[in-house]
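Q: My structure is below; once you've seen it, I'll send some questions.
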Amino acid sequence: MTAMVVVTSSIFIWGILSGRLERADLTAPIVFMGLGALVGGAGLVDVEQAPELLRPLVELTLVWVLFADAARVPVREVRADIGRYARLLGIGLPLTILAGWGLAAWFFPDLGLALALLVGAALAPTDAALGVPVVTNPVVPSRIRRLITVESGLNDGIVTPVVMLAIAAAASAEGLADAPGLWEALAELAVGGLVGVVVGAGGGWLLQRARRAGWAGEDFAGIAVLALALLAYAAALGLHGNGFIAAFCGGVAFGAAAGRLGRVELVFLEQASGLVSLLVWLGFGAVAVPLVLERASPLALLYAVLSLTAVRMLSVAVASAGTGLDRETVLFVGWFGPRGLASLVFALLALEELGAGADEAVAVVAVTVVLSVLAHGASSGPLAQRYGRAMAARGSERGPAVADLPVRGLPRAAGESRAAGESRGR
């Protein structure tokens with residue numbers, strides 16, 4: 001109960017001071033990760049049992065985040081720069097996974113290939129919410145802001161199958177009970193994807209028709225979308241599929257089928273996922289920070305630095321060849337690939353599934369995430385201003401400006417909410 005009082009009061013205090021604290025570069029991940037470490041260090045929670053107790057929260061968070069991130073990307077509106085997105089996600093992301101996998105296997109041979117792949121894949125997705133000044137600062141060209149946001153919204157879902165296969169392979173190698181084989185895991189991914197598409201597309205179509213007919217109550221539509229994400233997850237599990245893949249594919253299908261106003265209905269889901277995300281950061285601080293302090297080594301720190309710099313930036317540079325992006329922009333996009341919520345959720349899932357066998361892999365992921373939270377949180381504001389001024393002086397914004405996409409953890413623009421209300425009224 002003492003821990004609950006500390007946690008809930010901290011969330012409330014953050015809510016009333018968040019704007020002021022974020023202007024001082026104190027982001028939610030920094031604050032709640034530190035608070036979790038204090039709660040764990042003070043003995044207010046049982047750190048050994050925490051991974052098992054956190055499992056429902058971690059899975060719920062990943063389901064909602066995957067669905068919301070995928071549904072937030074408007075397929076029709078990003079076609080103009082589809083080549084850049086496809087290159088980052090189709091070339092840059094696989095290169096990041098492969099480079100991170102090879103580096104982990106070289107630096108930590110005791111991990112084995114499966115856990116090394118887990119490290120490389122878990123640290124591949126980016127989190128734009130950790131670089132808020134980059135994706136909201138108007139001095140940064142709008143197309144670059146959107147490029148970073150779209151990449152962040154989709155890469156966690158694309159990486160999820162690789163992470164699940166790595167965990168399954170590691171469990172099988174360790175001879176854990178009920179560990180699925182490779183073909184069984186692939187079949188689960190396929191079933192999950194199919195279920196997600198059916199549930200997401202069907203739900204989006206029904207919601208769009210209900211809005212047009214005036215059947216959907218404004219106050220309950222957001223709750224319906226939140227339940228739809230859980231429905232995709234539960235239905236996939238019921239059919240022996242992968243629920244996380246179902247959530248991601250369901251989000252993509254929902255975003256395509258629900259139309260423009262479907263994104264407005266995501267607000268409640270985003271707020272709910274924001275709350276559980278804070279709790280995951282707390283859990284991460286309580287569980288993983290002690291693991292970092294115990295197992296962190298100069299080699300793990302070197303891996304973290306290389307993962308955040310060379311691995312990410314070289315992959316982005318290769319993927320951006322021929323896209324017309326100048327060197328400064330490639331470096332800017334390459335640096336602002338912060339590792340955040342998806343990486344730590346994958347690490348906690350591995351800890352739950354594999355137990356102590358995943359401690360070293362989780363420690364490497366945790367060191368990288370902690371370093372990223374600090375480095376990207378501190379550098380995003382100043383570097384965004386510097387890059388934006390340089391681009392403005394060169395007149396590098398090509399074509400008309402594009403509207404910003406919502407970023408997880410940020411409030412929607414008032415204009416978007418008003419437009420939704422007016423459309424419902426009509």
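Q: Exactly one condition in (1) crowded, with 22+ Cβ neighbours inside 10 Å; (2) modelled with pLDDT of 80 or more is false for ASP326; which is it?
A: (1)
Q: Please indicate, with yes or no, whether at least one residue in the stretch 394-403 is of a type in the set (D, E, K, R), farther than 16 Å from SER307 by Cβ and at pLDDT 80 or above. Steps first, answer last, please.
A: Just the residues of the stretch 394-403 that are of a type in the set (D, E, K, R), to begin with: 394, 397-398.
Okay, now just the ones that are also farther than 16 Å from SER307 by Cβ, so 394, 397-398.
Going one step further and asking which of them are at pLDDT 80 or above, we end up with none.
Looking through the stretch 394-403, none of the residues is of a type in the set (D, E, K, R), farther than 16 Å from SER307 by Cβ and at pLDDT 80 or above.
Q: So for the stretch 408-425 (the condition being touching a helix residue (DSSP H, G or I) at 6+ places or on another chain (Cβ under 9 Å), modelled with pLDDT under 85 and closer than 20 Å to LEU89 by Cβ), does at least one residue qualify? Step through it out loud before you land on a result.
A: Filtering the stretch 408-425 down to residues touching a helix residue (DSSP H, G or I) at 6+ places or on another chain (Cβ under 9 Å) leaves 408-412, 416-417, 419-421, 423-424.
Now drop any that are not modelled with pLDDT under 85, which leaves 408-412, 416-417, 419-421, 423-424.
If we keep only those that are closer than 20 Å to LEU89 by Cβ as well, we get 408.
Yes, the stretch 408-425 has at least one match.
Q: Sticking with this one: Within the stretch 352-360, is there a residue that is touching a residue at least 60 places away in the same chain (Cβ under 8 Å) and surrounded by 24 or more Cβ atoms within 10 Å (Cβ to Cβ)?
A: Yes, the stretch 352-360 has at least one match.
Q: Picking from GLY40, GLY100, GLY131, which residue would you name as being out of contact with any strand residue (DSSP E or B) (no Cβ under 7 Å at 6 or more places or on another chain), crowded, with 24+ Cβ neighbours inside 10 Å, at pLDDT below 80 and on the phi < 0 side of the Ramachandran plot? I'd like the intermediate steps shown before the answer.
A: On the way: GLY40 fails: crowded, with 24+ Cβ neighbours inside 10 Å; GLY100 fails: at pLDDT below 80.
Selected residue: GLY131, the only one of GLY40, GLY100, GLY131 that is out of contact with any strand residue (DSSP E or B) (no Cβ under 7 Å at 6 or more places or on another chain), crowded, with 24+ Cβ neighbours inside 10 Å, at pLDDT below 80 and on the phi < 0 side of the Ramachandran plot.
Q: Let me ask another. Pairs only if they're at least six apart or on different chains, beta carbon under 6 angstrom, first in the stretch 378-392 and under 16 Å from ILE148 (Cα atoms) and of a type in the set (A, V, I, L, M), second surrounded by fewer than 19 Cβ atoms within 10 Å (Cβ to Cβ) and modelled with pLDDT under 85; list them, first residue then second.
A: ALA384/ASN137
Q: List every residue pair whose Cβ atoms lie under 6 Å apart, where the two residues are 6 or more positions apart in sequence or sit on different chains, the first residue falls within the stretch 145-164 and is touching a residue at least 40 places away in the same chain (Cβ under 8 Å), and the second residue, located anywhere, is in a helix (DSSP H, G or I) and of a type in the set (Phe, Trp, Tyr).
A: VAL150/TYR85; GLY157/PHE248; THR160/PHE244; VAL163/PHE346
Q: In the stretch 213-224, which residues are surrounded by fewer than 18 Cβ atoms within 10 Å (Cβ to Cβ) and at pLDDT 85 or above?
A: Of everything in the stretch 213-224, just one residue is surrounded by fewer than 18 Cβ atoms within 10 Å (Cβ to Cβ) and at pLDDT 85 or above, namely ILE223.
Q: Please tell me if VAL316 is at pLDDT 85 or above, within 21 Å of LEU117 (Cβ to Cβ) and of a type in the set (Val, Ile, Thr).
A: Details: at pLDDT 85 or above: yes; within 21 Å of LEU117 (Cβ to Cβ): yes; of a type in the set (Val, Ile, Thr): yes.
Yes: the conditions hold for VAL316.
Q: Kindly indicate whether any position in the stretch 199-212 is in contact with a helix residue (DSSP H, G or I) (Cβ under 6 Å, 6 or more places away or on another chain), surrounded by 16 or more Cβ atoms within 10 Å (Cβ to Cβ) and not in a helix (DSSP H, G or I).
A: Residues of the stretch 199-212 in contact with a helix residue (DSSP H, G or I) (Cβ under 6 Å, 6 or more places away or on another chain): 199-201, 203-205, 207-208.
From the residues that got through so far, the ones that are surrounded by 16 or more Cβ atoms within 10 Å (Cβ to Cβ) too are 199-201, 203-205, 207-208.
Remaining after also requiring not in a helix (DSSP H, G or I): none.
For the stretch 199-212, residues in contact with a helix residue (DSSP H, G or I) (Cβ under 6 Å, 6 or more places away or on another chain), surrounded by 16 or more Cβ atoms within 10 Å (Cβ to Cβ) and not in a helix (DSSP H, G or I): absent.
Q: Let me ask something else about it. Take ALA216 and decide whether it is more than 23 Å from LEU111 (Cβ to Cβ), among the hydrophobic types (A, V, I, L, M, F, W, C), in contact with a helix residue (DSSP H, G or I) (Cβ under 7 Å, 6 or more places away or on another chain) and not in a helix (DSSP H, G or I). It would help to see each step written out before you state the result.
A: Details: more than 23 Å from LEU111 (Cβ to Cβ): yes; among the hydrophobic types (A, V, I, L, M, F, W, C): yes; in contact with a helix residue (DSSP H, G or I) (Cβ under 7 Å, 6 or more places away or on another chain): yes; not in a helix (DSSP H, G or I): yes.
Judged against the criteria, ALA216 is a match.
Q: State whether the residues of the stretch 116-128 include one that is out of contact with any Asp or Glu (no Cβ under 6 Å at 6 or more places or on another chain), surrounded by fewer than 23 Cβ atoms within 10 Å (Cβ to Cβ) and farther than 25 Å from ALA247 by Cα.
A: Looking through the stretch 116-128, none of the residues is out of contact with any Asp or Glu (no Cβ under 6 Å at 6 or more places or on another chain), surrounded by fewer than 23 Cβ atoms within 10 Å (Cβ to Cβ) and farther than 25 Å from ALA247 by Cα.
Q: Here is a further query. Of (1) crowded, with 17+ Cβ neighbours inside 10 Å; (2) over 17 Å from the mean Cα position of the chain (by Cα); (3) under 24 Å from ALA375 (Cα atoms), LEU344 satisfies all except one. Which?
A: Condition (2) is where LEU344 drops out.
Each row is one residue, and each column tells you yes or no for (1) β-branched (Val, Ile, Thr); (2) modelled with pLDDT under 85; (3) touching a strand residue (DSSP E or B) at 6+ places or on another chain (Cβ under 6 Å); (4) crowded, with 20+ Cβ neighbours inside 10 Å.
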| position | (1), (2), (3), (4) |
| --- | --- |
| LEU66 | no, no, no, yes |
| ARG76 | no, yes, no, no |
| ILE91 | yes, no, no, no |
| ALA105 | no, no, no, no |
| LEU113 | no, no, no, no |
| ASN137 | no, yes, no, no |
| LEU154 | no, no, no, yes |
| GLY157 | no, no, no, yes |
| THR160 | yes, no, no, yes |
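The values are calculated or read from the model by the stated rules, or taken from the named source; none is laboratory data. Given the structure is predicted, the values throughout are model-derived calculations rather than measurements. So basically every Cβ, Gly included, is an ideal-geometry build from the backbone, and we count neighbours across all protein chains shown.
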